[in-house]
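Right, one structure below, let's go through it.
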Amino acid sequence: MDPITAFLLKAAEFLLSKIKSGPKQPFRFKNEELNQELKNYAINANNPNVFIIEKGAHVYFGNVSTNAEVIKELLSKGSNSELVYPDFEEEYKDYSEYNKTHEFPFPFVNELSAKFKGLIKASQYIKDLYEAGDRDIAAQRKEELGRDNIFVRHFCNLYTAGYIPEALGYINDIGLRDKEIIEKILVDITAYESIFFVHKKTSEAEIIEKISDLIKQNKKYIAVHGAGSNVSKVKKIGQAYEESLKGSPYVFKEKPTPSQEAPNGVARHSIFIFNNDGERIYNEFNNGSFKGFS
């Protein structure tokens, strides 16, 4: 089973477990035609902003702002699950205003599926909060967006760090417009497991152990990013490798960004560990031309 399918099934299982733990409440869409089309499906909603449609092994879930055409598209795909990510619209007035007044970073994003459009807009919103200095709100929104959802959290982390915006820029520059290929690129980037984002709950020892395992596996590119009070943790992780990698096939690099040079006035620090195959990724990311990890 590929990683994205496994993730979707796990996400569906989690939401269903939450729903089945409480009373089932009947749910009807405002669109009566859609209600008739789905009359043979079980539609449930414990949260007034979230619906779940299930019929046999097929499970679909999303927020109530999802329009009828999107729902019909989901039901026609025949996969076991499909996720439409909530976009904060119902819950946060600040995001609602942001969503109305900010365009997608590139026009081609409008052609992507609802889940990627939602992820890109919400991640850009969080990135803008960070860059405006609203770090506490940004961190809270990121936590709420990615709660119980590893794929979403990692996508947002990669977006705020710059990997995904650079990849979107490259896609735009080369004129790639095939929706399925673009989404596969975004899935592949998000599935890459050798990028770490340090936060207040991060265990340095745990990250050091994971990096050592990745080096043993000859992983071509490893990076650790942190900001503000987490800079000291990133430096400590780097100290475990700066000397030990000398003479090995790997190169160790650090990239400090002092507070006076950071767009939001918050210091950042990154460490990079890469071999010959990973040097391209390192150079592209630091030159603002990241194209993906493959």
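The values are calculated or read from the model by the stated rules, or taken from the named source; none is laboratory data. These numbers were taken from a predicted model, which means no experiment stands behind them. Please note: Cβ atoms are built from the backbone with ideal geometry, for glycine as well, and neighbour counts cover all protein chains shown. Each accessible area value is taken on the protein alone, full model and side chains, heavy atoms only, with ligands, DNA and RNA left out. Shrake-Rupley method; radii C 1.70, N 1.55, O 1.52, S 1.80 Å.
In summary, strands (runs of 3 or more DSSP E) completely within the stretch 190-258 and bearing 1 or more residues that are surrounded by fewer than 17 Cβ atoms within 10 Å (Cβ to Cβ) occur at 251-257. Of the conditions (1) more than 18 Å from the chain's Cα centre (by Cα); (2) open to solvent by 20 Å² or more (accessible area, probe 1.4 Å); (3) of a type in the set (A, V, I, L, M), Ala161 fails just one. Which one is it? Every condition holds for Ala161 apart from (1). May I ask you to verify whether Gly292 is open to solvent by 40 Å² or more (accessible area, probe 1.4 Å), under 20 Å from the mean Cα position of the chain (by Cα) and on the phi > 0 side of the Ramachandran plot? So Gly292 fails the test. If you filter the stretch 100-121 down to residues that are in a helix (DSSP H, G or I) and among the small types (Gly, Ala, Ser), you find that the one that is surrounded by the fewest Cβ atoms within 10 Å (Cβ to Cβ) is Ala114. Counting residues in the stretch 238-253 that are within 27 Å of Glu143 (Cβ to Cβ), modelled with pLDDT of 95 or more and touching a helix residue (DSSP H, G or I) at 6+ places or on another chain (Cβ under 7 Å) gives zero. Among the residues that make up the stretch 122-136, is at least one of them closer than 22 Å to Phe196 by Cα, in contact with a Cys (Cβ under 8 Å, 6 or more places away or on another chain), among the hydroxyl-bearing types (Ser, Thr, Tyr) and buried (at least 20 other Cβ atoms within 10 Å of the Cβ)? Within the stretch 122-136 (the criterion being closer than 22 Å to Phe196 by Cα, in contact with a Cys (Cβ under 8 Å, 6 or more places away or on another chain), among the hydroxyl-bearing types (Ser, Thr, Tyr) and buried (at least 20 other Cβ atoms within 10 Å of the Cβ)), the answer is yes, since at least one residue qualifies. Do we have any residue at all in the stretch 266-274 that's among the β-branched types (Val, Ile, Thr), surrounded by 13 or more Cβ atoms within 10 Å (Cβ to Cβ) and part of a loop (DSSP other than H, G, I, E, B)? Checking the stretch 266-274: at least one residue is among the β-branched types (Val, Ile, Thr), surrounded by 13 or more Cβ atoms within 10 Å (Cβ to Cβ) and part of a loop (DSSP other than H, G, I, E, B). Ile211 meets each of the listed conditions (1) modelled with pLDDT of 95 or more; (2) among the aliphatic types (A, V, I, L, M); (3) under 23 Å from Ile126 (Cβ atoms) apart from (3).
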